[in-house]
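Novice: My questions will all concern the structure given below.
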Ligand code: TYF
Ligand code: FE
């Protein structure tokens, strides 16, 4: 089949001028977390977030050195992996970073070419192209490093129809909590060190062919106490969006510095997950014990009609319900969006989740940054890290 036919099939239209097409990406394939106890993490993600059991690899399937639980909800696949042996390198990763995201895997048409094209442009190798197969076909994977010890694995699965990857067996569980309406990964944000943002912007431009389509500087992103800078990188078809944050000088410690201290360097800070009914999703998540940042003050909600301007008429959601759930609202020229942020999902103040509903808006909620960062600072205050 020719490249053109495949592209049409996958709808790989180019929406960002300037993006290079040497690395066509079909979407996010999976996100792998390294965790201290994968069995219990899997239970948490099923119970609290409504993920469904999909696949498993571990002692019972002949894997001796680690256990991995794969969960799914709509288009999202997450893998929770823990080491089983004393000398596993995953231990070293956990000791340094705590629980966190190791792999942001990207679905590609050709994992060998993805590897060659990115290595040629300066990527550091994590995994040479490797073919894995079982009775359901074969998968080719390859991988490169991005910031810190985080990696991108390219997954080519066009000749595979198993549940996840060769080496995993289907996981059928009697415990299946209802989904909470999580649909797909909207973006994944990385925190990098002082003066490193532009290095990683250049990495996504030169090595991955992405474009920088939005930037926020410390004049736009600041509170009385702290500041940060952020640049949003996107691939050509807009399916993969990776904002990158760098701390900036403020009167007190920035949340980005707090992350870098506790994570022991750069890494993934938050994963934004899309829903098309944020009121239902957030109500469900709260009833299952997911903790969110505290609400902005009432004055924030009073200012929404003004902030939304022409988009206010479009807004279907009830403002008092939005305020009760502590959801935030912002608009840009294309529409509005609703978003909310969880507290960190492990003891270290590192990874957290965002729930986002886009009603046309393509931005990241810049109008909410101040209120959001003030909520984060209230948490930092409690942790003694501000
Ligand atoms: O992804 C974003 O840009 C928004 C806002 O530390 C944001 O979700 C930016 C920086 C940050 C937390 C949230
Ligand atoms: Fe975000």
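Novice: Distances longer than 25 Å among the Cα atoms of the range 15-151: what percent of all pairs is that? Let's see the in-between values first.
Specialist: Values: 3089 of 9316 pairs.
Of the Cα pairs, 33 percent sit more than 25 Å apart.
Novice: If you wrap a convex hull around the Cα atoms of the range 24-69, how much volume per residue is inside, in Å³? Don't skip to the end; give the middle numbers.
Specialist: Values: hull volume 5.3 nm³, N = 46.
Value for the range 24-69: 115 Å³ per residue.
Novice: At 25 °C and 0.890 mPa s, grab the translational diffusion coefficient of the chain from Stokes-Einstein with a Kirkwood Rh over Cα pairs, rounded to a whole number in µm² per second. Write out the running numbers ahead of the final one.
Specialist: Details: Rh = 21.6 Å.
Diffusion coefficient, whole number: 113 µm²/s.
Novice: I need the Debye-formula profile for the range 171-244: one equal scatterer per C-alpha, no solvent, reported as log10 I(q)/I(0) at q = 0.14 1/Å, two decimals.
Specialist: -0.58
Novice: With everything on Cα atoms, drop me the angle between helix 111-120 and the longest principal axis of the chain, reported from 0 to 90° to the nearest 10.
Specialist: It works out to around 70 degrees.
Novice: Of all beta bridges DSSP finds with both residues in the chain, what is the antiparallel percent, to the nearest 5? Could the numbers behind the result be given before it?
Specialist: On the way: 69 of 85 bridges.
So the antiparallel bridges amount to about 80 percent of the total.
Novice: Same structure again: Distance in nm between label sites at residue 253 and residue 87, each 7 Å beyond Cα in the beta-carbon direction?
Specialist: Taking the simple label geometry, residue 253 and residue 87 are separated by 3.7 nm.
Novice: Same structure, new question: In vacuo Debye scattering of the range 232-386, one point per C-alpha: log10 I(q)/I(0) at q = 0.08, 0.10, 0.12 Å⁻¹?
Specialist: -0.23, -0.37, -0.54
Novice: For a quick size check, give me the Cα extents of the range 317-369 along its three principal axes, largest first, whole Å.
Specialist: Taking the Cα atoms of the range 317-369, the three principal extents are 37, 24, 15 Å.
Novice: Separate question: State the Cα centre-to-centre distance between the range 292-343 and the range 201-266 in whole Å.
Specialist: Cα centroid of the range 292-343 versus Cα centroid of the range 201-266: 23 Å apart.
Novice: Using alpha carbon coordinates only, what is the Rg to Rh ratio of the range 252-308, with Rh defined as the Kirkwood radius? The partial results should precede the final answer.
Specialist: On the way: Rg = 15.8 Å, Rh = 14.8 Å.
Rounded to two decimals, Rg over Rh is 1.07.
Novice: Using a Gaussian network model of the chain with C-alpha springs under 10 Å, which one of 278, 355, 119 is most mobile by mean-square fluctuation?
Specialist: 119
Novice: On to the next question. If you build a Gaussian network model of the chain, linking Cα atoms that sit under 10 Å apart, which residue out of 97, 152, 298 swings the most?
Specialist: The residue that fluctuates most here is 298.
Novice: Can you give the Rg to Rh ratio for the range 201-288, taking only C-alpha atoms and Rh from Kirkwood? Can you show the working numbers first?
Specialist: Values: Rg = 15.8 Å, Rh = 15.1 Å.
Here Rg/Rh amounts to 1.04.
Novice: Would you mind calculating the gained length between residue 17 and residue 65 on full extension (0.36 nm times residue separation, minus the Cα-Cα distance), in nm to one decimal?
Specialist: Working: separation 48, 0.36 × 48 = 17.28 nm, distance 4.49 nm.
Length difference between fully extended and current span is 12.8 nm.
Novice: May I pose another question? Viscosity 0.890 mPa s, temperature 25 °C: what is the translational diffusion coefficient of the range 108-184 from Stokes-Einstein with a Kirkwood Rh over Cα pairs, rounded to a whole number of µm²/s?
Specialist: Details: Rh = 14.4 Å.
The diffusion coefficient I find is 171 µm²/s.
Novice: Over the range 54-135, with a single point scatterer placed on each C-alpha, what log10 of the ratio I(q)/I(0) does the Debye formula yield at q = 0.15 1/Å?
Specialist: -0.78
Novice: Here's something else I'd like to know. Seen from all sides and averaged, what is the projected area of the convex hull of the Cα atoms in the range 137-288, in nm²?
Specialist: Working: hull surface 49.4 nm².
Over all viewing directions, the range 137-288 projects a mean Cα-hull area of 12.3 nm².
Novice: Would you give the gap between the C-alpha center of the range 48-69 and the C-alpha center of the range 99-147, rounded to a whole Å?
Specialist: 21
Novice: Between residue 343 and residue 312, what is the label-to-label distance in nm when each label sits 7 Å out along the Cα-to-Cβ direction?
Specialist: Spacing of the two 7 Å Cα→Cβ label points: 3.4 nm.
Novice: When the chain is treated as a GNM, springs tying every alpha-carbon pair under 10 Å, which of 321, 354, 156 comes out with the largest mean-square fluctuation?
Specialist: Highest fluctuation of the listed residues: 321.
Novice: If you restrict to DSSP beta bridges whose two residues both lie in the range 271-360, what percentage is antiparallel, to the nearest 5?
Specialist: Bridges in the range 271-360 are about 70 percent antiparallel.
A short reminder: the numbers here are calculations on the coordinates, not readings from a lab. As the structure is a computational prediction, the values presented were derived from the model and not from experiment. So basically every Cβ, Gly included, is an ideal-geometry build from the backbone, and we count neighbours across all protein chains shown.
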